[in-house]
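Single-structure report; data block below.
None of the figures in this text is laboratory data; all of them are computed from the coordinates on show. All values derive from a computational prediction rather than experimental measurement. Counting neighbours? That spans all protein chains shown, and the Cβs are built from the backbone with ideal geometry, glycine included.
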Amino acid sequence: MSHAMDVLPYLVAAYVFLTGCYGLATSRHLIHAVGCLAVCQSATYILLLAVGYRAGGTAPVFSDIEPGSRPVVDPVVQALTLTDIVVGATVTALLLALVLQIAKRHGTVDPDELRELRG
Amino acid sequence: MHHLLPLLVAVPLLGAALPAAAGRRLPRAAVEITGFVVSGGTGALALLLLLNSTPPMTEWVGGWLPVGGQSVGIVVLGDGPALGMATLASLLTLAALAYSWRYFDAPPHGHTGAFTALMLLFQGAMCGFALAGDLFNAFVFFELMSVVAYALTGYRIDEARAVQGALTFGVVNSLGAYAMLMGIALLYARTGELGMSAIGRGLDAHGGPDALVLASFVLVMTGLLVKAATVPFHFWLPDAHAVAPTPVCMLLSGVMVELGVYGAWRVYGTVFAGPGGIPAADLTRALVTLGILTAAVGAVMCWYQRHIKRLLAYSTIAHTGLFLVGLGVLTPEGDDGIALYVVGHAAVKAALFACAGVLLDRFGSVDEHALHGRARSLRATGVMFAIGALGLAGLPPFGTGLGKSVAEEAAGGPLTVGYVLVSAITAGAVLRVTARVFLGLGPRPEDAEYETSGSGEEPETGGLLRRVPDTMTTVPAVLLAAALAVGVAPGFGDLVARSVNEAGSGGAHASAHWTAPGVLLGLAATALAVILAALAVTRPTWLAAPSWAAPLRRLQSGHVGDYVAWLLVGTTLLGALALPGVLGG
Amino acid sequence: MNRLRLWLLAVGGTGLAALLVAACLDLPRFGGRSHPYGDRAVHASLRRHIANTIASVNFDQRAYDTLGEMSILFAAVLGCVVLLRQTRDEHRAPPEPAEVARPVRRYALLVLPVALVTGLYVIAHGQLSPGGGFQGGVVAATALHLLYLGADYGALERVRPLGVYETTDALAVSSYVVLGLAGLLAGTAFLANTLLPYGTFNTLSSGGTVPLLNAAVGMEVAGAATVLLAHFLDQAVEIEDATEEEPGK
Amino acid sequence: MADAVIVVTLLLTAACATAAVTQRDPARQALVLSVLGVVLAALFTVLQAPDVGLSQLAVGSALTPLLIMLSVRKTRRRGRSKEDRE
């Protein structure tokens, strides 16, 4: 158990990333594709936070614990993940806006039926 | 002086935010003048800093100076290449804003400043990315650059193609960015640092490269090479650049793609070049292989386009391949040559897009076949288009020619032939367009089956203007003059070479100037381009698409799922190319 | 499904999977003790009297990243304004006021003020406890849209003058940049947190400029999320295009 | 004990991610994404990142699915009115 535990979170992150890529490549609906991209991005959150975890550590917030009394997990990756989450939401919003316009202009949201921009 | 470095980001951001806050009541002219002043001022500041960049500057944002060699802050770099790219991006933004003065009409109701604000944000993002010395900070500005670019690409929402191209662009680039972030997380896990040079030191301290280093290298490079439109990550580029508004195309093709190449150079040189990183031989193998592939695919596809903006987009891909080859050989001369080449190429390519924009404005079409002979009256634009083509071929004394000749000498051997061929083919395609569209030479070519035509585009001005606005002819003229100046101005080449070598290349100094073989090769490429164009116009059947090119064109399917699959193949390819050194080490 | 794509996906996916798994096996084991940057960040945060280290990293040590992130949000708002604008062939049709079940209405109107206050509280305590500008901003913006559930679209549009939120968004970005520039003008560095006293540890006013930057981000996120949601609601509810207009035409 | 909780949430995350990808109907996918958001928020809290968990709860399980639902509604509405016309 403990040995598998050493790498399990990383493997889950890799798995989530690849799953998202698979969904993105085989998607038949552009909104679904944007959702899959969000799945891909959640892999980055998992990886970042897994990298910063410290066994037995607590959250790096010192409002109710004495500084130095307990080990804390890495605050830097948490800050990075926060940034990443906001970035992800904005990208999703923009892409969805584009999908809406595609639905209007092409009359379809199936990538297989978009017959422009070839060759 | 170094305290001023973050201003290159802050000023355009403020310039974008303040008019947006006040912008609902402001007249259009006020917003546009603000745009000029801000982007021009930032450009001037970048130039000033560039002239003071010896010795290279660094700035710790927030004053978090390192204690005992370690800091908790973000470092911003102020060396020659960083400030050079920031200056290039700023000046080109200024040119694009000037170009869109009359050209770009129809701002969204109640949001007069939206286009200008987005352009300024784009400028700030490009400056921020160029100056980034911290890997996560580079990712943030990379994303900012991407987000603004998606919105700008899809700006003409009435156009079915524009929104499709923008979505493809968005999905592929975002996926690339997430791959890059995975790579950054892996590097952070190994070294516990985010500053590029700190990560480099951390990797070296850990010992030789292993699978972790390889994976992080591949993932980070994937993000950057997607931006640089390297084969097989390149599919999004023609789809996006062909449909974006022309002023935006000038920036996308002129600097954004090159920033991807610059990022790859910077990240390799700072993070992975040490003994704990990727061995030099592997990097050369990876970059030169991908570069050759990119240049070949770009040149072939460029030749067979009829949509003029798409043709120019493929020529950008071809030239990006040449940049990668030049950097991949890892010599100081190669770096110098590519730096000059990038500057010259940016000016030439932006000028060519600006000319294509005039066609779009006059005829509502950028289709080589449909416009056959119709643009005879646009003499000035035709002449500039032809001059731009010669610049693309690297005719001395254009800056592109100088950069190409230096890079050719650094690459040497069969790679030189590649440089000549690729620049000749792309320039030949542009000359062919000139001959058909502006001179009406040759018979009207026949339509092929699997291609994107350039007809039926919406003009980008609201209501047809009586004549071509002066700004739309002045801007390409100035840009072409700048491209010429890069090659002619005495000592400019050496100046660039010195500042590039100071920043990277391990302190070795090389000089960049015209040599006899370089001039001859430039002339040869130009002659070949002229011959190709003449053949294509007079004997269309001789150079018609051969059967082997058809599958290549079919790969460009416009399907976002295909592009994602190719992105995965690309990461695998990159990993395989860089694998031997890791196994041996 | 296209066969070539499946082959590419199989090859590329296998390659990337192999690469990632190999990399995972070389990573330091999960839960390890070595976090040099993290430890330094904790010390720096305590030196500046900021109880929540993450706020310190976001708004002080790596405030420059947050500037970029705010700009991304700002750019996305501008982008959505541009991309979801009403085109010539579209028109607005105010939706019929929908009948809302009384319990739903009561619930929504009850939760709305609570959620808004929670949002503001979360913003204000950013440098003390978990939460801050991002989280609070999103909560406040989403809370506002409970009105749609609780009352109807018209009520929502009345309390939500979009222009004000857009201006708030832009002003918040500007004030963040101006606070950064103030550091530069004071002779230290861009975004330097040296202007204000660091205050008493674990109080609302501790941490120098951190609470100010945090508030700016909170305003920005609330404004941006509201505008984004509003534009999507507009598309989903109000804007109709030619094909939707009259079925028989 | 802590390890066991982490393992469970990790496996749940992987399962939700798989479901979000294989659920091809975008409206249902939005719901699954919302669940994924909650599971991720729980995982982050277990990993001692309450800040990130809160953020993920607000963004990942509320804002993003809401945007997706609104987009689905818009495209569906179009599709329906087109069918009516035919």
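Results, tabulated for the structure shown:
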| quantity | calculated |
| --- | --- |
| Rounded to 10°, Cα long-axis angle of helix D:2-22 versus longest principal axis of chain D | 20 |
| Dimensions in Å of region B:318-391 - Rg and Dmax from alpha carbons | 16.1, 48 |
| Alpha carbon convex hull of region B:478-538, volume per residue in cubic angstrom | 126 |
| Rough spin-label spacing in nm, given labels placed 7 Å along Cα→Cβ, for C:Arg33 and B:Ala380 | 7.4 |
| Ellipsoid equivalent to the protein assembly as shown - semi-axes via the Cα gyration tensor, in Å | 42, 34, 28 |
| Spacing of the two label points (7 Å from each Cα toward its C-beta) at B:Ala524 and A:Asp6, in nm | 5.7 |
| Under the span-like rule (Cα at least 30 Å along the axis, Kyte-Doolittle mean at least -0.5), DSSP H helices of chain C | C:3-26, C:102-124, C:162-185, C:210-233 |
| Number of partner chain Cβ atoms within 10 Å, mean per residue of B:2-8 | 4 |
| Contour minus Cα-Cα distance for B:Ala481 and B:His206 (0.36 nm per residue) | 94.0 nm |
| Protection proxy ranking of A:25-37, D:7-19, B:269-281 - average other beta-carbon atoms within 10 Å, highest first | A:25-37, B:269-281, D:7-19 |
| Other protein chain Cβ atoms within 10 Å, averaged over every residue that makes up B:118-127 | 2 |
| Size of chain B as Cα extents on the principal axes (Å, biggest first) | 69, 59, 50 |
| Residue mean of other protein chain beta carbons inside 10 Å, C:213-222 | 1 |
| Residues B:Leu402, A:Leu114, sorted so that the one with the fewest Cβ neighbours within 10 Å comes first | A:Leu114, B:Leu402 |
| Scattering curve values for region B:1-131, log₁₀ I(q)/I(0), Debye with Cα scatterers, q = 0.09, 0.18 Å⁻¹ | -0.29, -0.89 |
| Sparse-neighbourhood loop sites, trypsin sites (Lys or Arg not before Pro) in region C:1-41 - DSSP loop, at most 16 other Cβ within 10 angstrom | C:Arg29, C:Arg33 |
| Distance in nm between pseudo-label sites at C:Arg92 and C:Val117 (7 Å out along the Cβ direction from Cα) | 3.4 |
| Over 19 Å between alpha carbons, listed pairs B:Lys227/B:Lys404; B:Lys309/B:Lys404; A:Lys104/B:Lys227; B:Lys309/B:Lys349 | B:Lys227/B:Lys404; B:Lys309/B:Lys404; A:Lys104/B:Lys227 |
| Order by protection proxy (mean Cβ within 10 Å, highest first), peptides B:167-173, B:577-583, C:199-205 | B:167-173, B:577-583, C:199-205 |
| nm² value of the averaged projected area, convex hull over the Cα atoms of region D:2-85 | 5.4 |
| A:Arg28/D:Asp3 FRET efficiency (R0 35 Å; Cβ-Cβ; nearest 0.05) | 0.30 |
| Ranking of B:Trp566, B:Trp542, B:Trp514 by count of other Cβ atoms within 10 Å, fewest first | B:Trp542, B:Trp514, B:Trp566 |
| Rounded to 10°, Cα long-axis angle of helix D:26-46 versus longest principal axis of chain D | 10 |
| Rounded tilt (10° steps) of D:64-85 against the dominant C-alpha axis of chain D | 20 |
| Prolate/oblate/rounded label for region C:45-245 (Cα gyration tensor, a/c 1.5) | oblate |
| Excluding exposed DSSP-loop GluC sites (Glu not before Pro) (at most 13 other C-beta within 10 Å), longest clean stretch of chain B | B:1-445 |
| Order of B:Leu45, A:Leu96 - criterion: other Cβ atoms within 10 Å of each residue's Cβ, fewest first | B:Leu45, A:Leu96 |
| Cα centroid of region B:327-399 to Cα centroid of region D:13-57, whole Å | 48 |
